[in-house]
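Asks: Here it is, the structure in full.
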């Protein structure tokens, strides 16, 4: 048995490596640099934590979020690993103690924010440690923060190339769950990882069900969705801070334990809300994208988007915060015409250069194509990241395939309405014309006398909004930012308008909403969930109560003590001694020593 596997079993309580973990660990232990692209929940942290224990000296882990550092250090200490963190949350005396432990080589891992790492004082401290051969490796977590065009950009990350220049013999491992080629190239270039070996894991998360619903009454749609996740932890993403506040307040009035999170809140409120989400069961966090990076909560059962995210990369990263424990989870999104208009205008109005705008439009096009697809959503998502797959049977388009229809004539009517109104109006007004509605605005401009007036009376408003949304998504129409979102035809519209090219459109099926785990089988990782009978379920609930009390006493999140999966295995197997307890996944030697008495007493 290799030293790496021995350490995995003894310290962390896992019988085997997952995917490419063992290969990555051996490469870094041998002194090689690595770039690891692995989905959230795929086991990235093990790729540097094990080498930290197998190489002499201390591993320095660069992490952007204080809360993440604290929880990861707490989890490592539970496993008997000598770990600490250095960030602004520490009093001077506590920080000095950590620095002394570093100098005295009494730590296996130290987590540090990039801002602190780059100070001359801390660099000098590392120089002293390196002189004594005490630097095991550098791990750069959330490495996509180096991308200047990403929403998680941290300017300090660009300066982390200093690590290789200053200590060229110390191996580096950069890790991220962001998979697109552009970000990958940026990480390699900006961190000087040209000689690094690149490991790309499968980005499939088969336990997550993907669903997109056409927006009509978003609050009612959201509350219906949340009804299938009562008492479960989840995240609801909104585009604006105002919408976050209003949605969280409204959900709270509906009896849901909802909290807001965005950059406009006072820091103490943000920290309190994040801590409650991390440490309490059943909290729903309503947030902007300011929330989520590095969230290490394994039992998030859903991620809901009330607004379209920025790109497929952002969507994948945000939804990846659900189901990190491998058990069933849902990614649900409402999507409407305004999403397409607002996002295209946001790009056009930005101060970015033409090349960057072209890239951003390309990313938006890929996201819109995913929203409108009639294929398996998982196949389209994975294909975007260069991974082939088969139909998953665990997304809305697989479970209830949408219909398609020949929308050529409808598209011609829509584009004709835009042309005959001099391309000066948005979708709402054009739909009123097509449906023959004599609104004040239609009468004011004399648009009731146009040949297109009432030409589309055979379709209702929702159907026309779907037509315009798909024309915008396909790039046949565009919203003019300078004309307040007026719809204009693009060059690509000409063949359709002239009848030279047919156009198939997606018709949303009239369907019941997919009811999470109840309506269809959810694909799971093998062994992801142990089914319990009534007696075992009762023991499982008792174990959860013990875990919650233990976590409160120690001031750590419950999952730091033991994951749900470990508790289910205990309830199912009912170990009778410490040897049998060590066979439970997630229980290593330190946790067995610490908790065996209490756990075996509950089982007996």
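The values are calculated or read from the model by the stated rules, or taken from the named source; none is laboratory data. These figures come from a predicted structure and were not determined experimentally. In this analysis, Cβ positions are derived from the backbone assuming ideal geometry, glycine residues included, and neighbour counts consider all displayed protein chains.
Asks: Would a scan of the stretch 37-44 turn up a residue that is at pLDDT 95 or above, in contact with a strand residue (DSSP E or B) (Cβ under 6 Å, 6 or more places away or on another chain) and in a strand (DSSP E or B)?
Replies: Looking only at the stretch 37-44, we keep the residues that are at pLDDT 95 or above, and these are none.
No; the residues of the stretch 37-44 include none that is at pLDDT 95 or above, in contact with a strand residue (DSSP E or B) (Cβ under 6 Å, 6 or more places away or on another chain) and in a strand (DSSP E or B).
Asks: Within the set of pairs 6+ apart or on separate chains, which have a first residue in the stretch 352-373 that is in the same structural domain as residue 398 (by TED's automatic domain parsing) and closer than 22 Å to residue 405 by Cα, a second that is surrounded by fewer than 18 Cβ atoms within 10 Å (Cβ to Cβ) and modelled with pLDDT under 90, and C-beta atoms under 7 Å apart?
Replies: 365/475
Asks: Determine, yes or no, whether residue 148 is outside any helix (DSSP H, G or I), surrounded by fewer than 23 Cβ atoms within 10 Å (Cβ to Cβ) and in contact with a strand residue (DSSP E or B) (Cβ under 8 Å, 6 or more places away or on another chain).
Replies: Against the criterion (outside any helix (DSSP H, G or I), surrounded by fewer than 23 Cβ atoms within 10 Å (Cβ to Cβ) and in contact with a strand residue (DSSP E or B) (Cβ under 8 Å, 6 or more places away or on another chain)), residue 148 does not qualify.
Asks: Follow-up question, since we're still on this one. Of the conditions (1) crowded, with 18+ Cβ neighbours inside 10 Å; (2) closer than 28 Å to residue 273 by Cβ; (3) in contact with a strand residue (DSSP E or B) (Cβ under 7 Å, 6 or more places away or on another chain), residue 55 clears all except one; give me its number.
Replies: With (1) crowded, with 18+ Cβ neighbours inside 10 Å; (2) closer than 28 Å to residue 273 by Cβ; (3) in contact with a strand residue (DSSP E or B) (Cβ under 7 Å, 6 or more places away or on another chain) applied to residue 55, the lone miss is (2).
Asks: If the Cβ limit is 7 Å and pairs must be 6+ apart or interchain, which residue in the stretch 54-66 that is in the same structural domain as residue 153 (by TED's automatic domain parsing) and at positive phi pairs with which residue that is crowded, with 20+ Cβ neighbours inside 10 Å and modelled with pLDDT of 95 or more?
Replies: 57/135; 57/136
Asks: A further question follows. Residues in the stretch 240-247: is at least one within 27 Å of residue 565 (Cα to Cα) and outside the structural domain of residue 43 (by TED's automatic domain parsing)? Walk me through how you get there before you give the answer.
Replies: We begin by selecting, within the stretch 240-247, every residue within 27 Å of residue 565 (Cα to Cα); these are none.
No, every residue in the stretch 240-247 fails to be within 27 Å of residue 565 (Cα to Cα) and outside the structural domain of residue 43 (by TED's automatic domain parsing).
Asks: When the residues of the stretch 380-407 are narrowed to those that are buried (at least 20 other Cβ atoms within 10 Å of the Cβ) and outside any loop (DSSP other than H, G, I, E, B), which ends up modelled with the lowest pLDDT?
Replies: 384
Asks: Continuing with this model, one more query. Condition test on residue 128, is it surrounded by fewer than 20 Cβ atoms within 10 Å (Cβ to Cβ), over 26 Å from the mean Cα position of the chain (by Cα) and closer than 28 Å to residue 10 by Cβ?
Replies: On the way: surrounded by fewer than 20 Cβ atoms within 10 Å (Cβ to Cβ): yes; over 26 Å from the mean Cα position of the chain (by Cα): yes; closer than 28 Å to residue 10 by Cβ: no.
For residue 128, the condition - surrounded by fewer than 20 Cβ atoms within 10 Å (Cβ to Cβ), over 26 Å from the mean Cα position of the chain (by Cα) and closer than 28 Å to residue 10 by Cβ - is not met.
Asks: Looking at (1) part of a helix (DSSP H, G or I); (2) touching a residue at least 60 places away in the same chain (Cβ under 8 Å); (3) surrounded by fewer than 16 Cβ atoms within 10 Å (Cβ to Cβ); (4) assigned by TED's automatic domain parsing to the domain that holds residue 318, which is the one condition that is false for residue 225?
Replies: (3)
Asks: Here's something else I'd like to know. Checking the conditions here, which among 444, 423 is surrounded by 15 or more Cβ atoms within 10 Å (Cβ to Cβ) and either within 30 Å of residue 181 (Cβ to Cβ) or not assigned by TED's automatic domain parsing to the domain that holds residue 330 (or both)? Before you say what the answer is, go through the steps one by one.
Replies: On the way: 444 fails: surrounded by 15 or more Cβ atoms within 10 Å (Cβ to Cβ).
One residue alone meets the criteria, 423.
Asks: Scan the stretch 485-502 and give yes if some residue there is at pLDDT 90 or above, closer than 29 Å to residue 331 by Cα and touching a helix residue (DSSP H, G or I) at 6+ places or on another chain (Cβ under 8 Å), otherwise no.
Replies: Checked against the condition, which is being at pLDDT 90 or above, closer than 29 Å to residue 331 by Cα and touching a helix residue (DSSP H, G or I) at 6+ places or on another chain (Cβ under 8 Å), the stretch 485-502 yields no hits at all.
Asks: From 552, 544, 506, grab the single residue that is crowded, with 16+ Cβ neighbours inside 10 Å, closer than 30 Å to residue 73 by Cα and at pLDDT 85 or above. Before the answer, list the steps.
Replies: Values: 552 fails: crowded, with 16+ Cβ neighbours inside 10 Å; 506 fails: closer than 30 Å to residue 73 by Cα.
The unique qualifying residue is 544.
Asks: Also: Can you find, within the stretch 108-121, the residue that is surrounded by the most Cβ atoms within 10 Å (Cβ to Cβ) among those that are in a helix (DSSP H, G or I) and touching a residue at least 12 places away in the same chain (Cβ under 8 Å)? Working first, answer last.
Replies: Quick first cut of the stretch 108-121, residues in a helix (DSSP H, G or I) only: 114-117, 120-121.
Subset that is touching a residue at least 12 places away in the same chain (Cβ under 8 Å): 114-117.
Values: 114: 20, 115: 15, 116: 16, 117: 23.
Ranking the qualifying residues of the stretch 108-121, first place goes to 117.
Asks: Please verify whether residue 302 is in contact (Cβ under 8 Å) with a residue 40 or more places away in the chain, under 18 Å from the mean Cα position of the chain (by Cα) and closer than 18 Å to residue 246 by Cα, treating the condition exactly as stated. Please lay out each step first, then the result.
Replies: Numbers: in contact (Cβ under 8 Å) with a residue 40 or more places away in the chain: yes; under 18 Å from the mean Cα position of the chain (by Cα): yes; closer than 18 Å to residue 246 by Cα: no.
In short, no.
Asks: Considering only residues that are part of a helix (DSSP H, G or I) and surrounded by fewer than 16 Cβ atoms within 10 Å (Cβ to Cβ), which ones fall in the stretch 162-187? Before the answer, list the steps.
Replies: So in the stretch 162-187, the residues part of a helix (DSSP H, G or I) come out as 162-166, 181-187.
162, 165, 166, 181, 182, 185 - these are the residues of the stretch 162-187 that are part of a helix (DSSP H, G or I) and surrounded by fewer than 16 Cβ atoms within 10 Å (Cβ to Cβ).
Asks: Quick check on the stretch 182-192: of everything there that is in contact (Cβ under 8 Å) with a residue 12 or more places away in the chain and more than 20 Å from residue 24 (Cβ to Cβ), which residue is farthest from the chain's Cα centre (by Cα)? Steps first, answer last, please.
Replies: Step one: of the stretch 182-192, the residues in contact (Cβ under 8 Å) with a residue 12 or more places away in the chain are 182-184, 186-188, 190-192.
Next, from what is left, pick out any that are more than 20 Å from residue 24 (Cβ to Cβ): 182, 186, 190.
On the way: 182: 18, 186: 20, 190: 23 Å.
Ranking the candidates gives 190 first.
Asks: Looking only at the stretch 252-267, decide whether some residue is outside the structural domain of residue 45 (by TED's automatic domain parsing), in a helix (DSSP H, G or I), at pLDDT 85 or above and under 26 Å from residue 178 (Cα atoms). Full working, then the answer.
Replies: Step one: filter the stretch 252-267 for residues outside the structural domain of residue 45 (by TED's automatic domain parsing), giving 252-267.
This time we only want the ones that are in a helix (DSSP H, G or I), so: 252-253, 267.
Within this subset, residues satisfying the condition of being at pLDDT 85 or above are 252-253, 267.
Still in the running and under 26 Å from residue 178 (Cα atoms): none.
Scanning the stretch 252-267 turns up no residue that is outside the structural domain of residue 45 (by TED's automatic domain parsing), in a helix (DSSP H, G or I), at pLDDT 85 or above and under 26 Å from residue 178 (Cα atoms).
Asks: Scan the stretch 4-29 for residues that are in contact (Cβ under 8 Å) with a residue 60 or more places away in the chain and outside any helix (DSSP H, G or I) and jot them down. Write out each step before concluding.
Replies: Kept after step one, since they are in contact (Cβ under 8 Å) with a residue 60 or more places away in the chain, are these residues of the stretch 4-29: 9-15, 19-20, 23-24, 27-28.
13, 14, 15, 19, 20, listed by residue number.
Asks: Next question, about the same structure. Could you check residue 422 against (1) in a loop (DSSP other than H, G, I, E, B); (2) within 22 Å of residue 217 (Cβ to Cβ) and say which number it fails?
Replies: Answer for residue 422: the failing condition is (2).
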